[in-house]
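Take a look at the structure set out below.
Rule-based calculations on the coordinates, nothing more; no lab input. Worth saying up front: this structure is predicted, and the values here are computed from it rather than measured. Please note: Cβ atoms are built from the backbone with ideal geometry, for glycine as well, and neighbour counts cover all protein chains shown.
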C-alpha cells in the first residue's frame, strides 16, 4: 500500500485512536483542499518542499517584496508521487514548475492563469491547458435541417447537416455530414443518439453505429432493434460508456425499418460526441516579440533570437503580427530564417503597414536554435520602425 502523502498511521494497540484518525483525516483534507501561498521576490525563484506539497492542493504563486522582475522558476525539492495539484499564478510574471533535475518539458503558467499538473515521481507534467481554471470542453451535437426519408428494408446512414455546436472540429456539414470525426489529441469519447420515426405501427426499427464505415463491434456498441410503437411515433436512443479512439476515427448512425414503405426520421433527431480523455501533451503559448527602430540597411540581420527551450511556429505563422510605423513605397519582404536558412517571408504590400506571412511551413525549434529576420537586399528607403510578434506553441 502506498503512503505518498505521509499520512499519520495508527499503531498496534494504540490508545486514543480517534486522535490519530482525526489527524489523518485533517492531513488528507489539506492535501485535497488547502492553498499554499508561495512567496517569490526579485530572485525570481522559490522552492516547495515535499512536506509542503503533501499538505496542499493549490500552489498560489504570490509576489513578495521586492517583487519578481522576470520569469519565475518554482522547484519541487524531492521526486515523489504526489499525483495532481494546481498552480495558480498570482504574479505579473510567467511561472515554470519543475522538479530538481527535470529532463522533460517544463509546464508554464502565464500571469493570471491556473494550470493542473501531476508529479509522477520523476517529472512535473501538465494535465490541462493553462487558463482561468475551467477545463476546455471538446465535443459536438448535430441534427437535421429537414426530415430524412428512410426506404423500406434498407440500411441507411443518417445525414446530420446542422450543427447545434461543434467545439473542437468534429463535424463538417457539407462534406460527409453523416460523420463525427475524432480530432487530434483525443483518446476516449462518449457518443449519444436520439432518433425519432414518424408514426407507423408496422415492422421493426433498428439503430446501430458505424466506426470508420464498418458496423461498430465491441466496447458495448451493440445495435438496438425494437418493434414499432403500437401508436404514435417510435423513438430510438442510445449512449455508451467511454470508448478508446485515435485521431481520424469517425462515427456514423445507421438505421433500418421494415414498415412496408418509406418512413421519415424527424429533424428533431440528434447525434452527439464528446471527449472525456486526451493525451497529456498540452500546447502552451510561446511568443517572440521584437521592435527594430529606423530603416534597416541592405540584408541586415535585424533579429537573432536564441531559443532557450523547444517550441513550434505554425504553418503560415497563424495569428502572428507584423507592423511598419512608416509604410514602404513598394512591396517589401523580410526573410524569416531558422539558423540562417529561410523558412518564409514577412511581406508588406506597397503603401501597406500590416504584413502577411508567405510560404511558412510548420517549423520546430530546439534550445540553441536561432530565429533570424533579415532585411531586404535592396531596402525601401521609407519602410521604418518594424514591430513583429511571432506566435508559437510549446
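Once fully extended, how much extra length lies between residue 326 and residue 167, figured as 0.36 nm per residue of separation less the alpha-carbon to alpha-carbon distance? Each step should come with its number before you reach the end.
Values: separation 159, 0.36 × 159 = 57.24 nm, distance 4.01 nm.
Gain on stretching residue 326 to residue 167: 53.2 nm.
Can you tell me the relative contact order of the stretch 285-393? Whole percent, Cα pairs under 8 Å, sequence separation 6 or more. Don't skip to the answer; put the middle values down first.
Details: 304 pairs, mean separation 52.0, N = 109.
It comes to 48 percent, rounded to a whole number.
Tell me, how many Å apart are the Cα centres for the stretch 178-249 and for the stretch 309-354?
Rounded to whole Å, the Cα centres lie 48 Å apart.
Modelled label-to-label distance, residue 81 and residue 347, 7 Å Cα→beta-carbon offset: nm?
If labels sit at residue 81 and residue 347, their model points lie 5.6 nm apart.
How would 238, 310 line up from fewest to most surrounding beta-carbon atoms within 10 angstrom?
On the way: 238 18, 310 14.
Listed from fewest to most nearby Cβ atoms, that is 310, 238.
Taking 0.36 nm per residue of sequence separation and subtracting the Cα-Cα distance, how much length would be gained by fully extending the chain between residue 92 and residue 287, in nm to one decimal? Kindly include the intermediate steps, with their values, before the conclusion.
Numbers: separation 195, 0.36 × 195 = 70.20 nm, distance 1.64 nm.
Additional length available on full extension: 68.6 nm.
Classify the chain as rounded, prolate or oblate, taking a ≥ b ≥ c as the square roots of the eigenvalues of its Cα gyration tensor: rounded when a/c is under 1.5, otherwise prolate if a/b is larger than b/c and oblate if not. Spell out each step's value before the answer.
On the way: a/c = 3.16, a/b = 1.21, b/c = 2.61.
Here the chain falls in the oblate category.
Within 10 Å of each residue's Cβ, count the other Cβ atoms and sort 174, 106 from fewest upward. Please report the intermediate quantities before stating the final value.
On the way: 174 6, 106 19.
Final ranking by Cβ density, sparse to dense: 174, 106.
Would the stretch 17-126 count as rounded, prolate or oblate if I go by the C-alpha gyration tensor, calling it rounded below 1.5 in a/c and otherwise prolate when a/b exceeds b/c, oblate otherwise? Write out the running numbers ahead of the final one.
Details: a/c = 2.20, a/b = 1.56, b/c = 1.41.
Judged from the Cα gyration tensor, the stretch 17-126 comes out prolate (a/c at least 1.5, a/b above b/c).
Label the stretch 214-363 by shape, choosing from rounded, prolate and oblate, from the square roots a ≥ b ≥ c of the eigenvalues of the Cα gyration tensor; if a/c is under 1.5 it is rounded, and otherwise prolate applies when a/b is larger than b/c, oblate when it is not. Intermediate values should be presented prior to the final figure.
Values: a/c = 4.70, a/b = 2.81, b/c = 1.67.
Prolate, since a/c reaches 1.5 and a/b exceeds b/c.
Separation between the residue 110 and residue 227 pseudo-spin-labels, each 7 Å from Cα along Cα→Cβ, expressed in nm?
Simple spin-label model gives 6.1 nm for this pair.
Could you work out the helix-only [θ] at 222 nm for the chain, with each DSSP H run of four or more residues adding -39,500 (n - 2.57) and the total divided by the number of residues, to the nearest 500 deg cm²/dmol? If you can, show how the numbers build up before the last one.
Values: 2 runs with 21 residues, N = 394.
That calculation yields -1500 deg cm²/dmol at 222 nm.
So for 156, 239, 255, fewest C-beta neighbours within 10 Å to most, what's the order? Could the numbers behind the result be given before it?
Values: 156 16, 239 11, 255 24.
Final ranking by Cβ density, sparse to dense: 239, 156, 255.
Suppose each label sits 7 Å from its Cα in the direction of the beta carbon; what would the residue 100-residue 264 distance come out to in nanometres?
For the pair residue 100/residue 264, the computed spacing is 7.3 nm.
Computed FRET efficiency, Cβ-Cβ of residue 154 and residue 190, R0 25 Å: what is it to the nearest 0.05?
Working: r = 29 Å, r/R0 = 1.15.
For residue 154 and residue 190, the calculated efficiency is 0.30.
So if each residue of separation counts as 0.36 nm, and I subtract the Cα-Cα distance between residue 298 and residue 315, what length gain in nm does that give? It would help to have the intermediate numbers written out before the result.
Details: separation 17, 0.36 × 17 = 6.12 nm, distance 2.74 nm.
Extra length from residue 298 to residue 315 when fully extended: 3.4 nm.
Taking the Cβ-Cβ separation of residue 51 and residue 71 as r and a Förster radius of 30 Å, what is the calculated FRET efficiency to the nearest 0.05?
0.70
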